[in-house]
Each structure stands twice: as C-alpha cells, then as structure tokens.
Amino acid sequence: MRKASLGLVIGVFLLAMAVHAQQKTASQDWPQFRGPNGSGVNETTGLPSEFGSNKNVIWKKFLPTGYSSPVLSENYIFLTAYENEKLLTLCLDRKTGDTIWQKEAPRPRKEKLDFRNNPASPSSVTDGKHVFVFFPDFGMLAYDFAGKEIWRLPLGPFDNEYGMGASPIVADNKVILVCDQNTDSFIIAVDKLTGKIIWKKDRPEATSGHCTPVGYSPKEGETQILVPGSFLLISYSAKTGERLWWTGGLSFEMKSTPVIRDGVLFINGYASPLNQPDNQVKIPSFEQALAKFDADKNGQFSKEELPTESPYDFFDFVDLAKDGHLDREDWNYFEAALASLNGMLAIRLGGQGDMTETNILWAYRRYVPQLPSPLVYKDVLYMINDVGFLTSFKPETGDVINQGRLRGAGSKFFASPVAADGKVFITSLRGKISVLKSDGSNEIIAINDLKEDCYATPAFGKGRIYIRTVNTLYCFGINE
C-alpha cells in the first residue's frame with residue numbers, strides 16, 4: 001500500500017514537473033500578434049537595452065516587404081510578406097534566421113488599401129504544430145511546420161475603408177478571425193485541423209475596424225472571445241459564437257488590440273478630433289435633415305446636397321454602401337459616430353447581456369492612440385499615441401502616473417509597445433526603438449536606431465528580441 005502511495009506521489013510530482021516545464025516553454029513563445037493572448041508581455045530575461053546594426057546582433061535577414069509582426073514557435077519564426085505581386089508565408093530558423101520554407105498563397109483579387117496598409121499586414125498565429133495565416137486578397141491558409149498546406153479557406157472580397165488589418169488567433173481548438181468592414185461584418189471560427197467552418201456570426205453594428213480579438217477563460221464557464229469594434233466590446237462563446245455580454249462606450253472606429261489584467265480589459269480607440277468630449281458637434285435628425293438639405297425630395301442625400309464643411313466632409317466614410325447617397329441607415333450611423341467618444345477604457349469582464357452600466361470602471365479621453373495598442377506591465381498601464389505622446393496609468397483607477405512626449409524617438413508610431421526583462425520597448429515608424437524603465441516614470445534607458453521604417457511590433461523569446469523593419473528581420477541578444 002505504501003509502495004502504491006509512493007508511486008502515486010512520484011507520478012504526480014513528475015506530472016507537475018512536466019506541466020511546469022511545458023508552461024515555462026510556452027511562456028517563452030510568442031504565438032500570435034503581440035505574444036501570449038495579445039498581451040505584449042514575455043517572461044524571458046537577459047535582453048539587451050542597446051542594440052543596432054553593429055551591436056548585439058545575433059543575425060539579420062533581408063526579407064520581402066510586409067507589415068505583419070514576427071510570430072514564434074519553439075524553433076521557428078513565421079511571417080507573411082509581399083513580393084512581385086505574390087503573397088508569401090515564410091518560416092525561418094530562430095537560431096540562424098535561415099529560411100526553412102516559403103509558400104505562395106493564391107491572389108484572386110487586390111483589395112483596396114490605405115497608404116498605411118499592406119497586402120501582408122495581418123500577422124500569423126501558431127498552435128505549436130501548425131501556422132495559420134490570413135491574406136485579405138484571398139482568405140485563410142494553414143500549414144504544418146514542414147510547410148505542407150493543411151487547408152485553405154477563401155474569404156471575401158472585403159470592403160474596408162483602409163483595408164483589412166485584424167490578425168487571426170487560436171482559441172478552443174479553433175482559428176478565430178474578425179472581419180469588420182463597411183457592411184456585412186462578421187466573426188468566423190474554423191476547425192484548426194480541417195478548416196471547416198464551425199460557426200460564423202454577423203456583426204451588423206461593426207463598420208470600419210481592425211482589432212485583433214483576445215481570449216478570456218473565466219474561473220467558471222466557457223472560453224470567451226472578446227472583440228472590440230464600432231461602439232461595442234462584445235463577448236462571444238468560443239464554442240458556439242453566441243453573444244454572451246457586451247458593453248457600449250467605444251469609439252465608432254477601433255483598431256487596437258485589448259489587454260487583460262486581473263479580470264479587467266483595457267482598450268483604446270480614437271476615431272477623429274470630433275470625437276473628443278470638448279469638440280463634438282451634433283447634426284440634425286434624419287427628418288430635420290431631409291427638410292433642410294434634400295433638394296430633390298428623393299428621401300436621401302447626395303454629396304452635392306450637403307454642406308461642404310465639417311462634419312459633412314465625413315460623407316464618403318459614412319456612405320456605407322458606397323452608392324453616392326446617404327439613406328436613413330447611413331444617417332443614423334453618422335449621428336452615432338459623431339456621438340461616440342475617443343478614449344482609453346477599463347472594462348470589468350463578465351456578465352450577461354448589456355453590461356455597460358456596471359462594467360465600465362473608468363475612461364480617459366486625452367492623447368488617445370488610433371493605432372498602437374495598450375500595454376500592462378508590472379502594475380503600470382501604458383498608452384503611446386500615434387505622434388509619440390506617452391501616458392502611464394495606475395490600471396486600477398486610471399490615475400495618470402506620468403505623461404509626455406518620447407523625446408528623440410520619432411514622431412509617428414504604428415507598432416504597439418511590448419515588455420520583457422523589466423523593460424518596455426516602443427518602436428517608432430522611423431525604426432527607433434526606445435527602451436524604458438518599467439516603473440511608469442517613462443524614463444528612457446536607450447534609443448536604438450535601425451534607420452529603416454518599421455510598422456511591425458517586436459517579438460521576444462529565449463533572451464532574444466526579434467524586430468522586423470520593412471525589409472529586414474533582426475535578432476538581437478547579448479553576445480556572450
């Protein structure tokens with residue numbers, strides 16, 4: 001009996017050690033856009049504060065252009081790219097940067113793109129055995145780590161004002177993708193092994209949006225997919241796609257990825273200067289506008305019938321059907337868009353149905369980013385806006401710890417802040433990476449200049465920093 005008990009104890013101990021080792025390995029990976037569950041945080045240590053083309057370079061690899069961020073498995077790096085009209089998925093060796101394989105995706109069309117976008121903007125995602133990619137000009141594809149195509153799922157065409165930008169994630173053995181666009185927005189879940197559609201849900205309230213969702217597994221209950229979009233944060237069941245709960249209060253246009261800390265989600269959204277609390281304008285109701293502007297009395301508005309000054313210069317944006325006219329649905333959206341507010345919001349997770357009144361804990365309305373996502377690290381919430389104004393908060397209360405411009409770091413920011421090894425890393429469009437103390441003081445330790453434009457968010461793992469500029473992937477580490 002004692003021998004059996006001893007064997008059981010040893011078995012449990014070995015299982016616990018194996019789980020711990022697995023968790024430790026997983027914590028070193030960077031499996032999707034912004035790492036584990038989009039947090040932007042990694043537990044690795046020994047990262048250099050100073051690096052550049054001739055300092056602490058482990059290797060560098062010239063690549064086809066692409067704005068997607070590097071994603072890491074235990075041994076490989078995955079990226080998407082665009083070269084000579086071709087859509088490419090790349091697999092590189094983490095130790096050497098050598099290309100293991102390269103695969104071309106079909107390209108049946110060319111989606112409309114904003115100048116800040118690229119045909120290879122969405123990042124890939126890996127489950128540790130496969131890599132999943134989304135190209136808006138085709139749809140989704142899955143490969144194993146040997147480069148064998150497992151499945152493909154054509155999607156689209158899409159109609160987004162700026163082009164599609166959200167990246168896929170893996171949750172509950174499904175690949176989840178949010179496709180917000182002018183009309184016919186949806187979220188889709190497919191079986192990660194077969195590409196079979198498990199569920200697909202319309203998102204009629206969502207228009208222009210680019211947010212990559214995050215997963216949430218409460219202590220009790222099913223896994224949820226949290227999706228910020230126009231006006232609403234919505235929780236979907238990962239199993240069925242059912243809408244579980246939601247909160248209002250978001251901007252009408254959302255681009256950043258949320259982060260979660262202790263059951264609270266942080267999300268920032270910025271649409272326009274007219275969505276600042278002290279700068280809002282109110283337009284007439286649809287009936288009032290018909291009486292005032294509808295010259296030909298056809299029950300809708302052409303651009304020529306409306307005033308040319310702000311906010312009516314939003315015409316092309318709120319003409320959701322792109323038919324050259326604003327009908328009642330367009331006008332109602334116009335009103336709602338102007339009534340929404342820019343802001344950083346803290347939202348308690350959980351509930352059922354509309355949780356707007358109880359779940360929004362605090363909101364901050366100044367210096368809000370349009371593109372960069374927030375970061376929570378070592379009990380500090382960071383927010384860098386598109387022109388380099390950095391604000392640090394106490395996440396529990398929204399109280400500002402410090403704020404100011406990142407001097408000498410550049411004037412435009414597309415990448416999101418990330419953190420590891422007790423440091424915060426912020427990348428500017430011009431390829432300057434600021435390394436900051438992680439105490440909320442916003443004190444800069446070093447600014448590293450790669451002298452090449454950078455749209456991608458860095459990745460971390462096993463004492464290495466992976467940074468993708470427009471044409472190069474760098475691996476930095478402390479040379480021993």
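The values are calculated or read from the model by the stated rules, or taken from the named source; none is laboratory data. No experiment lies behind these values; they were computed from the predicted model shown. Ideal geometry is used to build each Cβ from the backbone, glycine not excepted, and the neighbour counts take in all protein chains shown.
Restricted to region 399-441, the set of strands (runs of 3 or more DSSP E) holding at least 3 residues that are farther than 16 Å from E50 by Cα comprises 400-405. When every residue of region 148-164 is checked against the conditions, none turns out to be in contact with a Gly (Cβ under 7 Å, 6 or more places away or on another chain), assigned by TED's automatic domain parsing to the domain that holds L72 and surrounded by 24 or more Cβ atoms within 10 Å (Cβ to Cβ). As a summary of the residue check, E443 satisfies the conditions (1) touching a Ser or Thr at 6+ places or on another chain (Cβ under 7 Å); (2) surrounded by fewer than 18 Cβ atoms within 10 Å (Cβ to Cβ); (3) without any contact (Cβ under 8 Å) to a residue 40 or more places away in the chain except for the one numbered (1). Can you confirm whether G404 is without any contact (Cβ under 8 Å) to a residue 40 or more places away in the chain and out of contact with any Phe, Trp or Tyr (no Cβ under 9 Å at 6 or more places or on another chain)? Spelling it out, it is not the case that G404 is without any contact (Cβ under 8 Å) to a residue 40 or more places away in the chain and out of contact with any Phe, Trp or Tyr (no Cβ under 9 Å at 6 or more places or on another chain).
When R348 is tested against (1) more than 22 Å from the chain's Cα centre (by Cα); (2) closer than 29 Å to E220 by Cβ, exactly one condition is not met: (1). Determine whether G221 is closer than 22 Å to I198 by Cα, of a type outside the set (D, E, K, R) and in a loop (DSSP other than H, G, I, E, B). When the stated conditions are applied, G221 passes them. Taking S185, is it more than 25 Å from P369 (Cα to Cα), polar (S, T, N, Q) and in contact with a Ser or Thr (Cβ under 8 Å, 6 or more places away or on another chain)? Against the criterion (more than 25 Å from P369 (Cα to Cα), polar (S, T, N, Q) and in contact with a Ser or Thr (Cβ under 8 Å, 6 or more places away or on another chain)), S185 does not qualify.
Within region 87-128, the set of residues being of a type outside the set (D, E, K, R) and surrounded by fewer than 18 Cβ atoms within 10 Å (Cβ to Cβ) comprises T96, T99, I100, W101, Q102, P106, P108, L113, F115, G128. Does G461 satisfy the condition of being surrounded by 18 or more Cβ atoms within 10 Å (Cβ to Cβ) and either in contact with a helix residue (DSSP H, G or I) (Cβ under 6 Å, 6 or more places away or on another chain) or without any contact (Cβ under 8 Å) to a residue 12 or more places away in the chain (or both)? So G461 passes the test. Restricting the search to strands (runs of 3 or more DSSP E) fully inside region 246-365 and requiring at least 3 residues that are surrounded by 21 or more Cβ atoms within 10 Å (Cβ to Cβ) gives 264-269, 343-348.
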